[in-house]
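Just below is one structure, and these are the notes that go with it.
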Amino acid sequence: MLNASLKQLAAQLAERKISSLELTKAFLKRIKALNQDLNAFITLNEEMSLAQAQIADKMIASGQAYPLTGIPVAQKDIFCAKGWLTTCGSKMLSNFISPYDATVIERFNQVGAVNIGKTNMDEFAMGSSNETSYYGSVKNPWDIAAVPGGSSGGSACAVAARMAPAATATDTGGSIRQPAALCGISGIKPTYGLVSRYGMIAFASSLDQAGPMAKSAEDLAFLLNVMAGFDARDSTSLQREPEDYACDLEKPLGQLRIGLPKEYFAKGMSNDVASAVEAAIAEYRKLGATIVEISLPNTGLAIPVYYVLAPAEASSNLSRFDGVRYGYRAAQYTDLEDMYKKTRTQGFGAEVKRRILIGTYVLSHGYYDAYYLQAQKLRRLIASDFTEAFKQCDVIMGPTSPAVAFNFGEKSNDPIQMYLSDIYTSAANLAGLPGMSIPVGFGDKNRPVGLHIIGNYFREAQMLNIAHQYQQVTDWHLRAPARLPEA
Amino acid sequence: MQWEIVIGLEVHTQLSTQSKIFSGASTAYGAQPNTQACAVDIALPGVLPVLNYGAVERAIKFGLAVGAKINSPSIFARKNYFYPDLPKGYQISQFELPVVEGGSIKIQVGETEKIVRLTRAHLEEDAGKSLHEDFHGMSGIDLNRAGTPLLEIVSEPDMRSSAEAVAYAKALHTLVRWIGICDGNMQEGSFRCDANVSVRPRGAERLGTRCEIKNLNSFRFLEKAIDFEARRQIEILEDGGSITQETRLYDANRDETRTMRSKEDAHDYRYFPDPDLLPLEISKEWIERVEVMLPELPEARHNRYVEDFGLSSYDASVLIATREMADYFENTVKQLPAQVKLCANWVMGEVSGRLNKEGIEIAQCPVSPAQLAELLTRISDGTISGKSAKDVFDSMWQGEHDGSADAIIAAKGLKQISDDSEIEKLIDEVLAAHSQQVTDYRSGKEKAFNSLVGQIMKASRGKANPGQVNTILKKKLLE
């Protein structure tokens, strides 16, 4: 049951072979058994989860079920959920019980999905290893010496360890795709504007995008059907016809043209990752796809541009955490300025402070043109690289991460090395394009490797189809970490 | 040395929308603290701003009214600074591309007309309020005002005296109320001025170093603060000193300005485009729709009153003080087109005086323009005298006889005697009874004439038409 796909779970619920209450209890039991070691969840609220399960059972009984009714979903602790502690992985919000629901949470509630718990994450989503969480790092379920990736490490771990059948996540520079790759699961970051950001605690507003994590592309499609949609409360949300992301899953790949950017395969990728990615591409060739070499000449600019723009926006977005109205406030202070200083010094971790400082610097008088404006110009160049590339191919593929999961402490003292974990992923955020990662094998130390698929704007259904077709002929996505008790 | 004062104003006008500029909370004034602050206004984690298009429409109205360019797109930017009544740690404003650019306003000081150019007008949100009383050793924060829509209107440094600055501020105050974008209530902070003041030797081209004076919430304070500040700067310069660029606060109790923060302490606001809001696009069609809704503007009306109605420029200015007053006047004139001057005198005199005395606005005036016109008709056709008309007006104000002038005149018996034969009869009686005065007059004592008129008016209990009495009496005395 804990290994079942969402479709299988929905069928069992519909046939009344199992109730949502039983399903929820089973996953809660698994979480309680594993969380001590893996630290994937920050908050569990059994009472609220079970109450939701009971509502779901009533919906099913009265014939008002949706595809995800009664199915537990782990929610990244970046989404405000009414009545739930919502920390964003920070001491700053360690006492914040949200009085309202994020749109993503609301949409899951509306279809009767069950919030199984709030997952751990890098503090304010700033990190690629989950080492910046105030609540301690999440462990990679394949190897607890390894990081799970970040920032959505808790969600990735929860799905990989079968503590939840699905999870929500967010991606500002790779925070869905990189942990999905490092934990051997599937995850998609949709086109910017497809999923509402309302109630999702902002890191870098022009880059942040929520998306689902699950075992398979098929599961992702059902989750995206719930998450995507216009929301008047988010001005950057896009007004378009609702789509069924599952409808194209079974389509044969036909004349699919896969673009391989020569810059991605030139250097920087480790051998184990390269061979798993090449094997996956060979599989696609067998499925009938043609391979086109393409060029994304400004690839090298993505990380520098990202680390100007994201901190700039973050420095402003995080100003509201000032100890005045909610959240952490220093216990002792002499005056207003002292209260601000102590609250923010004590409430934020080192990485968050580093990015606030970088962001404040690049927006400062006299530096704005050289950094922020210049980065905005380069951002447009990076986006136009993709526009050109998509004239020659339907999707772009490459590695999600340059290497398999690294060990704890390996990069935590070298921010530049840490930032390079997102070298393949951050360009999609800068361009606003959808990107996904699916498991395609194992590399060094038997740690998972992810294949990165970048699609054109709003081509999520096509990307899910491409991933699903691969998952029909391979079984990487069905593998669970052997070191854990069998699910 | 002769000094020239140079003034530019920044005016924050609160736009008259029902809800806030980026949230659905109410903008009503005076509610219990923090009862009109929703999740967006208190900046809970995760909330996002959604632009209120009613605020944009009011900005467009203003832009059209001052002949400015409406920018499309215009950009919302974040102005970053920490203060407890600024919940997000930044204010959403406009920086590089404001919604309104350019334009001008015509002012009049004495007999001189002058054009004040506008630099720009931009949309932004107001901050909350810090309450320092009532909380011993602490400050209270009221976020009801946070997110209230403002249009900040910035002028060029085109004014040369406090009188010009006040005339400009008043013209702007009239205009924003006229076009219905701001209630203009200065006590409640709906219309707030900051003044940039500098001085330079007369004839010099280069501007002097300026100081910005904040907290000017009445026209009188605006005038006094500028006068004080100009004197202060001139004294420093004449003593060989130099002016430090800074922000100063006007203290009305002591009638002086004092340093609030110097240039060195000035914030680096780190403006950048707000990624939560898309560039604001304003279509031509939208602008055209707003243009159609725009009422005839004060300047156009002023000109029409002078040219078509033949009123003096001064009278026209008084009548357009508010759109409601001007409309009242015109609705009165509509019923009595031949008596424009009479209508103007009554609206400016009796009506305005009574409104002031009662402390009410013309919208609440108990005498309607149609009712006033009925009364004025009876003056112009000689039914009643101007003097009795004031009594009738008083009764109309009290609502007697449903405010009908004719009914009141009839009830009070105030109708003038305008019948020649009736007046002749009265005069004959008076002349018979006062033969001495008749003799005096005929022997050259002119004064006796007035005395006789008085006797006749008295005999008629004030109702005889004075004009007719004069004419007939003269004729009789010559017989």
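The phi-based Karplus calculation (6.51 cos²θ - 1.76 cosθ + 1.60; θ = phi - 60°) puts the 3J(HN,Hα) values of segment A:128-136 at 10, 9, 6, 7, 8, 5, 5, 8, x Hz, whole numbers, x for Gly and Pro. Other residues with beta-carbon under 15 Å from the beta-carbon of B:Lys357 carry, at +1 per Lys or Arg and -1 per Asp or Glu, a net charge of -2. Stokes-Einstein, applied to the Kirkwood radius of chain A over Cα pairs at a viscosity of 1.567 mPa s and 4 °C, places its translational diffusion at 58 µm² s⁻¹.
Surface listing: B:Thr209, B:Thr322, B:Thr439, A:Thr400 arranged by accessible area from highest to lowest gives B:Thr439, B:Thr209, B:Thr322, A:Thr400, probe 1.4 Å.
With a Förster radius of 30 Å applied to the C-beta separation of B:Glu256 and B:Lys69, the computed FRET efficiency comes to 0.15.
For the listed residue pairs B:Lys390/B:Lys415; B:Lys387/B:Lys412; A:Lys139/A:Lys445; A:Lys139/A:Lys353; A:Lys76/A:Lys445; A:Lys189/A:Lys445, the alpha carbons are over 19 angstrom apart in A:Lys139/A:Lys353; A:Lys76/A:Lys445; A:Lys189/A:Lys445.
Coupling constants for segment B:409-425 follow from the phi torsions by the Karplus curve (6.51 cos²θ - 1.76 cosθ + 1.60, θ = phi - 60°), and in residue order they are 4, 5, 4, 8, x, 8, 4, 6, 8, 10, 7, 3, 5, 5, 5, 4, 4 Hz; glycine and proline get x. Could you tell me how many degrees, from 0 to 90 and to the nearest 10, lie between the Cα long axis of helix B:386-397 and the main elongation axis, the longest principal axis, of the Cα atoms of chain B? Tilt relative to chain B: about 50 degrees. Between chain B and chain A, roughly 2700 Å² of accessible surface gets buried, counting both sides and using a 1.4 Å probe. Accessible area of A:Arg162 (1.4 Å probe, protein heavy atoms only, ligands and nucleic acids ignored): about 10 Å². A Förster distance of 45 Å, applied to the separation of the beta-carbon atoms of B:Ser130 and A:Lys7, puts the FRET efficiency at 0.20.
With the convex hull of the Cα atoms taken as the outline of segment B:296-412, the averaged projected area works out to 6.8 nm².
Each of B:Asn356 and B:Gln398 was given a label point 7 Å from its Cα along the Cα-to-Cβ line. The distance between the two points is 2.4 nm.
Using only the Cα atoms of segment A:352-487, build the gyration tensor, take square roots of its eigenvalues as a ≥ b ≥ c, and label the shape rounded, prolate or oblate: rounded if a/c is under 1.5, else prolate if a/b is larger than b/c, else oblate. Kindly include the intermediate steps, with their values, before the conclusion.
Working: a/c = 3.06, a/b = 1.35, b/c = 2.27.
Oblate, because a/c is 1.5 or more while a/b does not exceed b/c.
Summarising the label geometry, the points placed 7 Å from Cα in the beta-carbon direction at A:Asn109 and A:Asn95 lie 2.5 nm from one another.
Please report the relative contact order for chain B, taking Cα pairs under 8 Å with a sequence separation of at least 6, and give it as a percent rounded to a whole number.
Details: 837 pairs, mean separation 64.8, N = 479.
Relative CO of chain B lands at 14 percent.
Surface composition of segment B:1-68: carbon and sulfur atoms hold 49% of the protein heavy-atom accessible area at a 1.4 Å probe.
Other residues with beta-carbon under 9 Å from the beta-carbon of B:Ile92 carry, at +1 per Lys or Arg and -1 per Asp or Glu, a net charge of -1. Remark: mean inter-chain Cβ contacts per residue of B:429-442 equal 0, using a 10 Å Cβ-Cβ cutoff to other protein chain atoms.
Please report the spacing between the Cα centers of segment B:385-422 and segment B:59-133 in Å, no decimals. When both Cα centres are located, 52 Å separates them.
Quick check on segment B:205-332: take the gyration tensor over C-alpha atoms, sort the square-rooted eigenvalues as a ≥ b ≥ c, and tell me if it's rounded (a/c under 1.5), prolate or oblate.
Values: a/c = 2.84, a/b = 1.41, b/c = 2.01.
Oblate is the answer for segment B:205-332, as a/c is 1.5 or above yet b/c matches or exceeds a/b.
Shape class for segment B:307-355: rounded, because the ratio a/c of the largest to smallest gyration tensor axis (alpha-carbon atoms, square roots of eigenvalues) is under 1.5.
Counting only other chains, what is the mean number of Cβ atoms within 10 angstrom of the Cβ of each residue in peptide B:74-80?
Working: counts 0, 0, 1, 0, 5, 1, 6.
Neighbouring Cβ atoms belonging to other protein chains average 2 per residue here.
Annotation: for a label point projected 7 angstrom from Cα along Cα→Cβ of A:Leu336, residues of segment B:213-239 with backbone N closer than 18 Å are B:214-215. Reducing segment B:179-211 and segment A:327-354 to their Cα centroids gives an inter-centroid distance of 38 Å.
Average the reciprocal distances over every distinct pair of alpha-carbons in the protein assembly as shown, invert the result, and give the Kirkwood radius in Å.
Values: mean 1/r = 0.0301 Å⁻¹.
Value: 33.2 Å, from the Cα pair sum.
When a 1.4 Å probe is rolled over the protein heavy atoms, the share of accessible surface on segment B:420-478 that falls to carbon and sulfur comes to 51 percent. The calculated FRET efficiency for the pair A:Glu15 and A:Gln54, based on their C-beta separation and a Förster distance of 25 Å, comes to about 0.85.
Round to a whole number: what % of the accessible area of chain A belongs to carbon and sulfur, probe 1.4 Å? Mind dumping the intermediate values first?
Details: 8870 of 16940 Å².
Carbon-and-sulfur percentage of accessible area, whole number: 52.
Label-to-label distance for B:Asp420 and B:Asp265 is 8.5 nm, based on points extended 7 Å past Cα in the beta-carbon direction. Computing Rg and the Kirkwood Rh from the Cα coordinates of segment B:149-273 gives a ratio, Rg/Rh, of 0.98.
Determine the sum of side-chain charges near B:Phe309: Lys and Arg each +1, Asp and Glu each -1, restricted to other residues whose C-beta is under 11 angstrom from that of B:Phe309.
Charge balance near B:Phe309 sits at -1.
Per residue, the accessible area of the protein assembly as shown comes to 41 Å², computed with a 1.4 Å probe over protein heavy atoms only.
Taking amide H as placed 1.01 Å from N in the peptide plane, the amide H of A:Arg197 sits under 5 Å from none that are at least 5 places away or on another chain.
Inter-part distance, segment B:248-300 to segment A:38-58, computed on C-alpha centroids, equals 49 Å.
Only helical runs count toward this figure. For chain A, summing -39,500 (n - 2.57) over DSSP H runs of n ≥ 4 and dividing by all residues gives -11500 deg cm²/dmol at 222 nm. Inter-chain Cβ neighbour count for B:270-283, averaged per residue, equals 5 (cutoff 10 Å, partner chain atoms only). Per-residue accessible area (protein heavy atoms, 1.4 Å probe) orders B:Ser72, A:Ser270 as B:Ser72, A:Ser270, starting from the largest. Rounded to the nearest Hz, the phi-derived 3J(HN,Hα) couplings of segment A:306-313 under the Karplus curve 6.51 cos²θ - 1.76 cosθ + 1.60 (θ = phi - 60°) are 4, 7, 9, 6, 4, x, 4, 5, where x marks glycine and proline.
The values are calculated or read from the model by the stated rules, or taken from the named source; none is laboratory data. Quick caveat: nothing in here was measured; it's all calculated off a predicted structure. Neighbour counts run over all protein chains shown; Cβ positions are idealised from the backbone, glycine included. Surface areas here come from the heavy atoms of the whole protein model, side chains and all, with no ligands, DNA or RNA. Shrake-Rupley method; radii C 1.70, N 1.55, O 1.52, S 1.80 Å.
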